[in-house]
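Note sheet for the following structure.
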Amino acid sequence: MDTPESEDPATSPSNLKRKRSASGDASDVIPAKRLRFIAPNHRYDFDFPDSVIYYVAKNPTSAKLYKKLTEACRYFFWKNPILLIDYLFYKNNEMKADFSESEYEICLKNVPYKFWVSGYCLIGSDVNSVYEKELVSSFLPRIYRCQIEQLTLRNQKLTIDEFLFLAAKTGRVCFTDLTVVNRDGKEIAFEKLVELIPEARSLDHYFKDNDKTVTAKTVEELLKLPSLQNFNVFRLFNVPEAFDVETFFAHIKAKIQGRLEAIVDELIEAETFDYIPPFISYPEMDDEKCLELSEVCRENYWWP
């Protein structure tokens, strides 16, 4: 059997169209034995020195490259046996994965290889499962590398190193009752958690009851983070009273106003348009700019 191919993930786990039958019959689940490979029985001869080929096999720079290498020659798999996972999830108290269109909902318990996780990692949505706090932590030794697009974690406890391994390069995250601790065992502050996901553009965070990661200085520290400006979605739930909502709202308001001012400046400075320029106004808008934008609109067939 050839190495499983990974497919491009859907845009959102909620919209993932899993290729399962409506009946959910057990026969639709591919057994783990399908993921076992036959060892090569002949020597491979390459045009490059063995040391170079060995280094390439042991140090793939991306899942895409590793996939191409193993498709071209099984030598690369046997020197560094990794399975590429499109979608990692926990269901019916078992860690499972989708590898391709034909290999999905495979239980990983008896699969003897490490995993390269890309696409989606969803731990926390199955109502039929019990989520022990060390569930993800105990599975991490089986993961070779993570390039996760969207990460969802519920009721998990991770060290700061484990969290970085999973989430440092993730674009969309959703955390519920998540605990991340320093090397001394002390839970990190919420603003530190946000700092550890600099590439995230979307955050949904559900605070624990009686959450201690938020203090009166949390918002002040959050606003110092350069990466905070990169979020398109920043949603907080069950927010502790210590969170300074007024200061945070003032920041959001100023950020929105700043974007509006930049758009207005661009409209005023533009020499030509291939569209009808919109008229934009807001309470703190400069009167002179308001008049200038009105004139721009009139000159381009729009009278506000």
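Derivation of every value follows stated rules applied to the coordinates shown; laboratory data play no part. Note that the structure is predicted; figures quoted are calculated from it, not measured. Cβ coordinates were reconstructed from backbone atoms using ideal geometry, including for glycine residues, and neighbour counts include every protein chain displayed.
Among the listed pairs 91/169; 208/253; 91/217, a Cα-Cα separation exceeding 32 Å is found for 91/217. Ordering 219-231, 262-274, 99-111, 161-173 by mean Cβ neighbour count within 10 Å, with the highest value first, yields 161-173, 99-111, 219-231, 262-274. Here the range 45-201 carries DSSP beta bridges of which approximately 25% are antiparallel, counting only pairs with both residues inside. At an R0 of 35 angstrom, the distance between the Cβ atoms of residue 241 and residue 282 translates into a FRET efficiency of 0.70.
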